[in-house]
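Beneath this line is the structure, given in structure tokens, with notes to follow.
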Amino acid sequence: MVYQYLLRVNPKTASNEDYLKTYVAKHYGLDYDDITTVRVLRKSIDARQKNIAINLKVDVYVGEPAPETEYIPTHYPDVSSARQAVVVGAGPAGLFAALRLIELGVKPILIERGKDVHRRKRDIALTGTDHIVDPESNYNFGEGGAGAFSDGKLYTRSKKRGSVDKILNVLCQHGASGAILYDAHPHIGTDKLPLVIENIRKTIIRCGGEVHFDTKMTGLIISKGRVRGVETANGKTIFGDVILATGHSARDVYRYFAAYGIHIEPKGLAMGVRLEHPSHLIDQIQYHSSEGRGSYLPAAEYSFVAQVRERGVYSFCMCPGGFVVPAASDLKQVVVNGMSPANRGSRWSNSGMVVEVRPEDVMSGAIKSPYVVEPYELEEKLRIINANLSPTKIKELNAYILPVLNLQEQLERLCWLKGGQTQVAPAQRMVDFVNGKLSTNLPKTSYTPGLNSSPLRDWMPKFISQRLSEGFQTFGKNSRGFLTNEAVMIGMETRTSSPLRITRDEETLQHISIKGLYPCGEGAGYAGGIVSAAIDGERCAEALAQQLS
Ligand code: FAD
């Protein structure tokens, strides 16, 4: 027999199966010796009161063994001689699209501009230590996409529980811990992600799919309103319908679409800074205890949101016990983001603190970068793609199609200049920022390239800095101790989602004017985060396979 119960236990005992057996036997009148397994189905921390409790939903197996694997395995057939489709980009969207194509009997040819996840690790380390950014191999580009050296948080606001469970099960099948299936806030950790990603690649290849690294798509082959395949920088032509999952940092892809008049539209996103506190401080605040998390609780999380003059100000991608990382994807940029290892054991906790920015805010001039990238640079980027564009057309594209993307680029360049033209990032203590005061010194940080004290308040667009300042004051009132000079703001976080949408038909998921092209994942503007990008990858694969059949 299998019984399901809800338990409320203290943090010390929540992971002790023997204790749970005793607890269940006592409270539900079962014989301890008959219980074979207590399997946790759901686990969440209730930290609202001083006495912190763990809520568990468990399956109790009585007189019969529990199934061996915690996850539900997916069967991947051999597709080596099946019809092929091209998947561009090996981030979560592209990888899950490729796996789903295999499940549905289509052979995926997956191309990725960057390197495999292990070679990529070396390039990422060099960004931290030697300030070198490789435009093809960085925190955004390479096997696993932006998801590889990410925090690996797997919770999503998606209401499609079935789709979320499927993604988590596939991740477990490829080596992720079974805990992600029951934790209310599942998390893999940057140290465990590469193995999972490598195992996914092995499944794709074992089943007859192909994976090509160092292979950048440079153009789409389109005839009579239908995509026929892609061209690559190393001279390959690959034929088939195309799932385009290139992520939000592939600015050359957006410019390619703009230059060739393929429909895309500007989209809003949020921009701000990374805010880093000592993790013990966040633990003390969130767990209402001067002892912080103690021995049995994980590094504490937080989530803040406020509405400031008609725009959202909120914490984004919170990384308890994590690191702030240099996430630029090109030269002369400083962009920050956050990640954490599986044990969330660093001395810091960080999150993006960002302000909602809409396309109309940029087009109306309500938000402007104080530093404007030379217009010739923007023109140059479009000319490289298509020499035939007239100067008027280039101006029009930059003004109406690419303004949010251009703003991101300008702010990232500005941070690079303010940091000292390396990966050193400009930074200011939190209270100093609110009071408009230059920080005379900065606290220790997890950001390895280093920080440069800079009056962020003076040079960040007022649209962002004023709202952040007001938001911080609200957060500080609601959560005593949060607004503190022990926290440092690191500039800037500009890539919370994509600045453009590659518009697709809602039913067929194909581009609105090009058949056979499936804009997919975060870069297409239809997902945000690892799990939602993976779900979108599966959906695009299903739409493509249905069309083929
Ligand atoms: P991406 O992951 O961006 O993948 C796109 C891929 O396409 C890249 O590998 C790129 O190299 C490739 N590509 C681009 N252009 C071309 C081309 N022309 N030819 C061939 N290949 C190309 N999300 C979470 O849910 N939880 C987290 O904890 C989390 N932490 C993060 C931490 C960091 C440091 C970063 C940078 C991001 C984090 N994110 C997190 C966001 C998450 O990683 C993204 O939302 C997700 O990876 C988007 O998936 P995607 O497949 O749509 O795009």
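The values are calculated or read from the model by the stated rules, or taken from the named source; none is laboratory data. Being a predicted model, the structure only gives us computed values, none of them experimental. Note that each Cβ is placed from the backbone with ideal geometry, even for glycine, and that neighbours are counted across all protein chains shown.
Of the numbered conditions (1) at pLDDT below 95; (2) in a helix (DSSP H, G or I); (3) among the small types (Gly, Ala, Ser), Ala66 satisfies every one except a single condition; which is it?
All conditions pass for Ala66, except number (2).
Just wondering, is there one or more residues in the stretch 182-193 that are surrounded by fewer than 17 Cβ atoms within 10 Å (Cβ to Cβ), hydrophobic (A, V, I, L, M, F, W, C), more than 22 Å from Ser249 (Cβ to Cβ) and more than 11 Å from the ligand (Cβ to nearest atom)?
yes
Could you check Val325 against (1) under 17 Å from the mean Cα position of the chain (by Cα); (2) without any contact (Cβ under 8 Å) to a residue 12 or more places away in the chain and say which number it fails?
If we test Val325 against (1) under 17 Å from the mean Cα position of the chain (by Cα); (2) without any contact (Cβ under 8 Å) to a residue 12 or more places away in the chain, just (2) comes out false.
Working only within the stretch 83-140, note down all residues that are in a loop (DSSP other than H, G, I, E, B), away from the ligand (no atom under 11 Å from the Cβ) and touching a strand residue (DSSP E or B) at 6+ places or on another chain (Cβ under 6 Å).
Residue satisfying the conditions is Val106 alone.
Which one is surrounded by the fewest Cβ atoms within 10 Å (Cβ to Cβ), of the residues in the stretch 514-549 that are in a loop (DSSP other than H, G, I, E, B) and out of contact with any Gly (no Cβ under 7 Å at 6 or more places or on another chain)?
The initial filter retains those residues of the stretch 514-549 that are in a loop (DSSP other than H, G, I, E, B), namely 514, 516, 520-529, 549.
Of the ones still in play, those that are also out of contact with any Gly (no Cβ under 7 Å at 6 or more places or on another chain) are 516, 524-526, 528-529, 549.
On the way: Gly516: 22, Ala524: 29, Gly525: 23, Tyr526: 22, Gly528: 20, Gly529: 21, Ser549: 9.
Out of the qualifying residues, it is Ser549.
Could you tell me how many of the residues in the stretch 351-405 are over 28 Å from the mean Cα position of the chain (by Cα), crowded, with 20+ Cβ neighbours inside 10 Å and not aliphatic (A, V, I, L, M)?
0
Taking Val305 and the conditions (1) within 16 Å of the ligand (Cβ to nearest atom); (2) surrounded by fewer than 24 Cβ atoms within 10 Å (Cβ to Cβ), which numbered condition does it fall short on, given that it satisfies the others?
With (1) within 16 Å of the ligand (Cβ to nearest atom); (2) surrounded by fewer than 24 Cβ atoms within 10 Å (Cβ to Cβ) applied to Val305, the lone miss is (1).
Within the stretch 240-267, which residues are in a strand (DSSP E or B) and more than 14 Å from the ligand (Cβ to nearest atom)? Before you say what the answer is, go through the steps one by one.
Narrowing the stretch 240-267 to residues in a strand (DSSP E or B): 242-244, 265-266.
Within the stretch 240-267, Glu265, Pro266 qualify.
May I ask you to list the residues in the stretch 480-497 that are out of contact with any helix residue (DSSP H, G or I) (no Cβ under 8 Å at 6 or more places or on another chain) and in a loop (DSSP other than H, G, I, E, B)?
Within the stretch 480-497, the first condition is being out of contact with any helix residue (DSSP H, G or I) (no Cβ under 8 Å at 6 or more places or on another chain), and the residues that meet it are 490, 493, 496-497.
If the condition is that a residue be out of contact with any helix residue (DSSP H, G or I) (no Cβ under 8 Å at 6 or more places or on another chain) and in a loop (DSSP other than H, G, I, E, B), then Thr496, Ser497 are the ones that fit.
How many residues does the stretch 467-481 hold that are over 25 Å from the mean Cα position of the chain (by Cα) and in contact (Cβ under 8 Å) with a residue 40 or more places away in the chain? Steps first, please.
Step one: list which residues in the stretch 467-481 are over 25 Å from the mean Cα position of the chain (by Cα), which gives 469-470, 473-474, 476-481.
Now restrict to residues that are in contact (Cβ under 8 Å) with a residue 40 or more places away in the chain: 470, 474, 478-481.
Residues that pass the stated criteria total 6.
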